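The structure appears below as structure tokens.
Coordinate-derived values only; no laboratory data. Keep in mind the model is a prediction, meaning the values are calculated, not measured. Methodologically, a virtual Cβ is constructed for each residue, glycine included, from the backbone with ideal geometry; neighbour enumeration extends over all protein chains shown.
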Amino acid sequence: MVTKITESTSLVFLLAFCIALSGCKSTRHSNTVNTVDEPEYAFLAPTPPMGWNSWNVFAKDINEAKIKAAADAMVSSGMRDAGYQYLVLDDAWMAPKRDEQGVLQADPAKFPKGMKDIGDYIHSRGLKFGIYEDRAYRTCQSLPGSFGHEQIDMATFAAWGVDYIKMDSCSAEHNGRLSSEDYAIYRKYIEETGRRMVLSISDFGNGAWVWGGKETSQLWRTGWDIQPWMDSVYNCGDTSGGSHRSHPAFNGLWQFAGPGYWNDPDMLQVGNIKMEDDKVREAANKAHFGLWCILAAPLMAGNDLPNMTDTVRDILTAPEVIAVNQDVRGVQGYKVWVDGKLEVYNKPLADGTTGVLLLNKGREEADITVTWEMIGLSGKQRVRDLWERRDLGVFEGSFTAKALGEHGSMMLKIGKKGKPLPTAAPVPPEQHTVTREGVTSLSDLYYAWKNYNAPVYNRTFGGDLIVVDGEVVEKGFGCKSKAAFMFAGTERGDRLMGTVALDASYHGENEGRFRIFHEDYFGNRVLWDSGKMTKNSPPKEFDIELDGCNCLMLTFEGRTTKDGKQANDVLGVFADPRVIAYD
Ligand code: GLA
């Protein structure tokens, strides 16, 4: 099936965008001046952060020698000069215990001279110092987390000269705080130190774009941990650029990113991908890097820098490909055409041209064509190959990349300099948030985040009419366990009402449980819980006071009656879930 994703040429939107762009520009030129209504930290990452992080290559096995060698290699390889600024120490830099005053300590065997020494070394190489922590009582590697030590840890990091904090979320479901509250605490204590520090939300993609990550942080994860193989790379890419994490109407998360705040599909595995064939491996590394660049993703290299091959170095430092990622307009690219494993992405740039990625995610050789119509152009246009740094000529109507092999791609710049091209149309607020007085059916809104099985709108999961107590219900969601989905911007609402039941077509013995949360799983703020329901349970109604809930998560989970383990076959419905706004 060939899908054409429509490009809007809406002048109204273009105008709004240009106004927004010029607004950002005036502040971006200065490191210190704020706009009236935006705090300074909104401009800590005007373009996607670039750097290197220790996790993908070393995991827990880091030490002073490896980190200093990485710093040296960032300089000698040309990575620093290509734009990679931050050198981030991930988990397992710390000692298993804080000192008597509660101050975090470096692991004495790994970092005998302490973290300030590492920071000084990183700075002496003209780089910035990044560090990892976790917002729970322990990190993902069971080392001391920051929970209960938020203020002292931010002050400690400032004293060590830290410039960037990756704040992870393992065990954060025990914090008793919403994710938005947690990250606001870190931002507050960071601000108190007076040191400019980027805050990176690491939470396996729990919807920071929905619950307000940009109020406190500069980037947020959109998915699970990336692995060094291409299925994982493409999967992570699709959490940000595809529909793995959001309703297909959004066409990826592009509308939730912009100068100052970025969707993070996770760190790069360029250089770590294992493949026998040198040519296919090179193509895969380029496909991965090009995809991250077109998606305006943070570029955190994760390979063994002192030992990287020239080919990998050339990919990571390709200036014209990086320029697309770092474009000051800060539009995240989005898909404009998909046919099976073949994809075309578009990223309109500040200078009036547009960045285009043609990508073959499959194994079969294929031609891929970008038509000017897909990218808002017409007539004759210049095309430049950004990997080869070579003009390909002037083309009328379209350009075709011929015989792209396994993981084959081309990164192009198309068009003339001039007025910025329009982007696609974002989903307007009234289609994904509660904007009006009275009743808003949740099934008239697009969910902005989801995990596991996507809900089916206004039908059961199997596509039948929703029937509750013998009556057909027009609105609602059909779910198959396990399902979780989130709606943004519900603070306008006063109440949430509706009914739940197992689906009439479900004849199994397993149990289903419906829950409604304020925000994400980590917040663990359950507003309503159906308890266990079987096919014989009568429908249950809910009527919840919302009291300023900025977003809502609906979940449906199955349990086997035999051993209490998860059951993935249970079918249930949220019938007529609706938000009521009184005035
Ligand atoms: C989580 C994060 C990873 C890494 C590890 C460290 O899994 O998502 O990026 O930081 O923790 O333990």
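Please find, within segment 460-489, the residue that is surrounded by the fewest Cβ atoms within 10 Å (Cβ to Cβ) out of those that are under 22 Å from Val434 (Cα atoms) and of a type in the set (D, E, K, R). Filtering segment 460-489 for residues that are under 22 Å from Val434 (Cα atoms) and of a type in the set (D, E, K, R), the one surrounded by the fewest Cβ atoms within 10 Å (Cβ to Cβ) comes out as Glu474. Tell me, please, whether a residue that is farther than 19 Å from Asn285 by Cα, of a type outside the set (Gly, Ala, Ser) and surrounded by fewer than 19 Cβ atoms within 10 Å (Cβ to Cβ) can be found in segment 349-357. Yes, some residue in segment 349-357 is farther than 19 Å from Asn285 by Cα, of a type outside the set (Gly, Ala, Ser) and surrounded by fewer than 19 Cβ atoms within 10 Å (Cβ to Cβ).
Matching residues to (1) closer than 30 Å to Leu527 by Cβ; (2) not acidic (Asp, Glu):
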| position | (1), (2) |
| --- | --- |
| Gly130 | no, yes |
| Asp134 | yes, no |
| Ser169 | yes, yes |
| Tyr186 | yes, yes |
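For segment 369-414, the set of residues classified as more than 23 Å from His288 (Cβ to Cβ) and touching a helix residue (DSSP H, G or I) at 6+ places or on another chain (Cβ under 8 Å) consists of Ser378, Gly379, Gln381, Gly397, Ser398, listed by residue number.
In segment 381-394, what residues are surrounded by 12 or more Cβ atoms within 10 Å (Cβ to Cβ) and either free of Cβ contacts under 8 Å to residues at least 12 places away in the same chain or outside any loop (DSSP other than H, G, I, E, B) (or both)? Within segment 381-394, Gln381, Arg382, Val383, Arg384, Asp385, Glu388, Leu392 qualify. Looking across segment 569-583 at every residue that is aliphatic (A, V, I, L, M) and part of a strand (DSSP E or B), the one that is nearest to Glu509 (Cα to Cα) is identified as Leu571.
Residues are listed down the side, and each one gets a yes or a no for (1) in contact with a Ser or Thr (Cβ under 8 Å, 6 or more places away or on another chain); (2) without any contact (Cβ under 8 Å) to a residue 12 or more places away in the chain; (3) more than 20 Å from Ser217 (Cα to Cα):
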site	(1), (2), (3)
Phe111	no, no, yes
Ile118	no, no, yes
Leu127	no, no, yes
Ile152	no, no, no
Asp168	yes, no, no
Asn175	no, no, no
Ser180	yes, no, no
Gly194	no, no, no
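Annotation: of all residues in segment 497-510 being surrounded by fewer than 24 Cβ atoms within 10 Å (Cβ to Cβ) and of a type outside the set (Asp, Glu), the one that is nearest to Ala208 (Cα to Cα) is Met497. Cβ-Cβ contacts under 6 Å between residues 6 or more apart (or on different chains), taken from a first residue in segment 202-231 that is on the phi > 0 side of the Ramachandran plot to a second residue that is of a type in the set (Gly, Ala, Ser) and away from the ligand (no atom under 11 Å from the Cβ), are listed as Gly212/Ser180. Of the numbered criteria (1) of a type in the set (Ser, Thr, Tyr); (2) away from the ligand (no atom under 16 Å from the Cβ); (3) surrounded by fewer than 23 Cβ atoms within 10 Å (Cβ to Cβ), the one Thr216 fails is (3). Which members of segment 164-206 meet the condition of being among the small types (Gly, Ala, Ser), away from the ligand (no atom under 16 Å from the Cβ) and not in a helix (DSSP H, G or I)? Result: Gly176, Gly194. Residues that are outside any helix (DSSP H, G or I) and over 23 Å from Leu89 (Cα atoms) are absent from segment 218-227. Among the residues making up segment 516-536, those that are surrounded by fewer than 18 Cβ atoms within 10 Å (Cβ to Cβ) and within 19 Å of Gln566 (Cβ to Cβ) are Asn524, Val526, Asp529, Gly531, Lys532, Thr534. Would you mind stating whether Asn235 is within 16 Å of the ligand (Cβ to nearest atom), surrounded by fewer than 24 Cβ atoms within 10 Å (Cβ to Cβ), assigned to a helix (DSSP H, G or I) and not β-branched (Val, Ile, Thr)? Criteria met by Asn235. Screening Leu357 against (1) under 23 Å from the mean Cα position of the chain (by Cα); (2) part of a helix (DSSP H, G or I); (3) under 23 Å from Ser243 (Cα atoms); (4) not hydroxyl-bearing (Ser, Thr, Tyr) leaves a single unmet condition, (2).
Within segment 126-182, how many residues are hydroxyl-bearing (Ser, Thr, Tyr) and within 14 Å of Asp203 (Cα to Cα)?
Just the residues of segment 126-182 that are hydroxyl-bearing (Ser, Thr, Tyr), to begin with: 132, 137, 139, 142, 146, 156, 164, 169, 171, 179-180.
Next cut, within 14 Å of Asp203 (Cα to Cα) only: 132, 139, 169, 171, 179-180.
The total comes to 6.
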